[in-house]
Structures are given as structure tokens and as C-alpha cells.
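See structure below.
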Amino acid sequence: MAEIGRDIARAASFLSQGELVAIPTETVYGLAANAYDEAAVVKIFEAKNRPAFDPLIVHTHSVAELSKIAREVPDVAYLLAEKFMPGPLTLILPKAEHVPLLVTSGHDSVGVRIPHHPLTLKLLQSLPFPLAAPSANPFGYVSPTTAQHVQDQLGNRLPYILDGGASHIGIESTIIRLDGHQVEVLRLGGLALEDLEDVVQISKAKIKTSSSNPAAPGMLSSHYSPRIKVLLGSISDNLQAVNPERVGIISLQGLYPNVPLDQQVQLSATGNLAEAARHLFSALRSLDGLNIDLILAEPMPEQGLGRAINDRLQRASFQG
């Protein structure tokens, strides 16, 4: 099984040898490899059983490094980067020639972000290359927010997990593609649209999903899914048609009297959507480990991080 520790030099050594290392970020834990080493990147796809058509995000440590990964960085990208990076924002930019097509799944563009986590920033600063890093979980399953989550699912497929504690945002980065000063949102995430709208114009009609050859990670209709079926909608209504003893509940604040308390998760007793986002994936994982038949979840308010939570719940509940 993988060693879990906080040794940046040890993590850097494995990465420099073309090995995989799980890294902590403010969003979720990533499964990292040298983004410029195609043989190392192949190991990511193999460890996750990830299809090659799903691109990876490249992680770096500073805004100055963006021009080494992208062949063109428009002024508005620098404006966004200066305001929101490090942080839960990924920019889709024209890729530099030396970025392998395997990283971008054949696209001529690459997703780049600067993670907001002190350990991983120090790790990136110590390396002569950026890191390609999708979430450190089997493809399609719930993303990990602790080192133990990674160990439980991928511990036999990598040598080292850099332990940075629990991810404090808990859902993946917001991914945007720039078209002049208008933004196309490819994936809702840990940066709320309201914050982006202070800087750039967003066309909400351009928020999109895809089921084949996505331009960015996390765009597939079915994703972030536990093994137990998730039913999204009114919990009170859906409880009428099921045995309450055999279900799990994910709600923002509510509790339901006929369902065992240990089968219910309140994402935030105070209704705080940032707190709810931080607890979402842990809630899905904990309920997925119970002897139940169904997980009932309710939509969050369509504001702030509630939009990103709803996006994850919709993909988790998608039945293709």
C-alpha cells in the first residue's frame, strides 16, 4: 500500500522518477505525474482506469509559469489569474507544443490551474516541471477529500500520498474557456459564478455538459457516482415510495424522522453552501459504505456554490 506522509522531498523524488504521487489541494486530492513525461501520464490513466478522451488539468505554482504551459495567455486570463489564483479556477488556454497530446486528450488547448494548498505549492516550486493531476479516485467515482480516501481506493497503485489534511473546499475547480471578455463555463466548481462576474461577463447559457470527447474534465453526464443509486429530488416526496429504513439521506439542513439518524447527512446545519460543498463528497462516500438500497438527495439553492453541488449531484444520479 502507499506510504502516507508530509515529506515534500520524498514526493518530489518519486515524481522525478516518473512515479505517481497523490497531492492535496483545496478542492480535492489529485493523482499527480510529471505533465511533460508521457510515460508517467500514462500511469495516471492506468491507475484510474480513466478513458483517454478525458483530458487532465496541469498544475503549476505561479502566474508567471502559465506562459510556459500555454503558447498564448490573453490579458483577460492574466486578469483572472491575478485575482483568483492560487485558487479553485482552471483556465483553458492554447497548449504549448511540448505539452503531450495525451494530457489534453488530443485537444489543442490545455487546462491550467494553481492549487491553493501550502504543501502542494512547495512541492511544485521544488520541481522543474508542472504536474498533470486529475482527482485521485477510480474513474467516475466520488472524488477524494482526504489522504485516507485515496489510500482506500488507489493505495495499491502508487507509492506515496502527500497528506495535507482534509480539502477545505471539497469540490473540483471551476473550469472556464475564454472568448474575448466573455467566459464559457465548462464545469461548475469551487469558484462561484458571482465572483467571476465581478471580473468578466459570463453567459450562463454556455454552461455545458458533454458525453463524448469533452474539452475539460468532469463534463461527462455520469460522473462522481457512488455504487449505490442516487435519486435527486424532493426527499419528502421520494420517501413516500421507499422503505425509509433502507435509504440514506443527503440534505442541506433537514432531518427525516422515519430514517435512521446514522443514515442521514446534513451538509450544513446552518445552510452555508460553502460548508455544504466541503462535505458533499464525504457524505456520498460514507453513505455508499452503508447497507442501504438508495441515497435520496435534494437540490441546493441555485446560487453560489449551490450550483456546483447540484451539478455534482445530477451527475452522480445520472442513469444512462
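The values are calculated or read from the model by the stated rules, or taken from the named source; none is laboratory data. Because the structure is a prediction, the values reported are computed rather than measured. Ideal geometry is used to build each Cβ from the backbone, glycine not excepted, and the neighbour counts take in all protein chains shown. SASA here: full protein model, heavy atoms, side chains in, ligands and nucleic acids out. Shrake-Rupley method; radii C 1.70, N 1.55, O 1.52, S 1.80 Å.
I'd like to compare 132-144, 25-37: which one has the highest average count of other Cβ atoms within 10 Å, and what's the full order after that?
Values: 132-144: 23.6, 25-37: 26.0.
So the order, starting with the most tightly packed, is 25-37, 132-144.
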A convex hull over the alpha carbons of the chain yields, per residue, a volume in Å³ of 122
Quick one: accessible area per residue over the chain, 1.4 Å probe, rounded to a whole number of Å²?
39
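Dividing the Cα radius of gyration by the Kirkwood radius, what Rg/Rh value follows for the range 45-178? Display every interim value, and only then the final one.
Working: Rg = 14.7 Å, Rh = 15.5 Å.
Using only Cα positions, Rg/Rh for the range 45-178 is 0.95.
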Spelling it out for Tyr224: with amide H atoms placed in the peptide plane at 1.01 Å from N, the residues 5 or more places away or on another chain with amide H under 5 Å from its amide H are Gly140, Tyr141
Counting sequence-distant residues (5 or more places) and residues on other chains, those with an amide H built under 5 Å from that of Ser135 are Leu31
Are any of the pairs Lys122/Lys229; Lys48/Lys95; Lys48/Lys122; Lys43/Lys68; Lys68/Lys229 more than 31 Å apart by Cα-Cα distance, and if so, which?
Lys122/Lys229; Lys68/Lys229
Once the piece of chain linking Ala241 and Asp262 is laid out straight, how much longer is it, given 0.36 nm per residue of separation minus the C-alpha distance between them?
5.5 nm
With charges set only on the Cβ (+1 for Lys and Arg, -1 for Asp and Glu), what does the dipole of the chain come to about its Cα centre, in debye to the nearest 20?
380
If packing is taken as the average count of other Cβ atoms within 10 Å, what order do 164-175, 57-68 fall into, highest mean first?
164-175, 57-68
Give me the one-decimal nm value for the distance between modelled label points at Arg10 and Glu194, 7 Å along each residue's Cα-to-Cβ direction.
4.3
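Report, to the nearest whole %, how much of the accessible area of the range 101-192 belongs to carbon and sulfur atoms, 1.4 Å probe, protein only. Present the calculation step by step, with values, prior to reporting the outcome.
Working: 1440 of 2820 Å².
Of the solvent-accessible surface of the range 101-192, carbon and sulfur hold 51 percent.
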Between the range 238-264 and the range 64-98, what's the alpha-carbon centroid distance in Å?
44
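For the range 141-180, just run the numbers: alpha carbon Rg, then divide by 2.2 N^0.38 Å, N being how many residues it has. Please report the intermediate quantities before stating the final value.
On the way: Rg = 13.9 Å, N = 40, 2.2 N^0.38 = 8.9 Å.
This ratio for the range 141-180 stands at 1.55.
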Looking at the chain, what % of its DSSP beta bridges pair antiparallel, to the nearest 5?
45
What are the extents of the Cα atoms of the range 227-267 along their three principal axes, listed from largest to smallest and rounded to whole Å?
21, 20, 19
Alpha-carbon centroids, the range 283-320 and the range 100-175: separation in whole Å:
22
Where a Cα-Cα gap under 14 Å defines reach, which aspartates and glutamates qualify for Lys83, not counting those fewer than 8 residues away within the same chain?
Asp75, Glu194, Asp195, Glu197, Asp198
18 Å cut-off, amide nitrogen to a point 7 angstrom out along Glu97 Cα→Cβ, residues in the range 33-57
36-38
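Report for the range 1-124 the percent antiparallel among DSSP-assigned beta bridges with both residues inside it, nearest 5.
Numbers: 8 of 11 bridges.
Once the DSSP bridges in the range 1-124 are tallied, antiparallel ones form about 75 percent.
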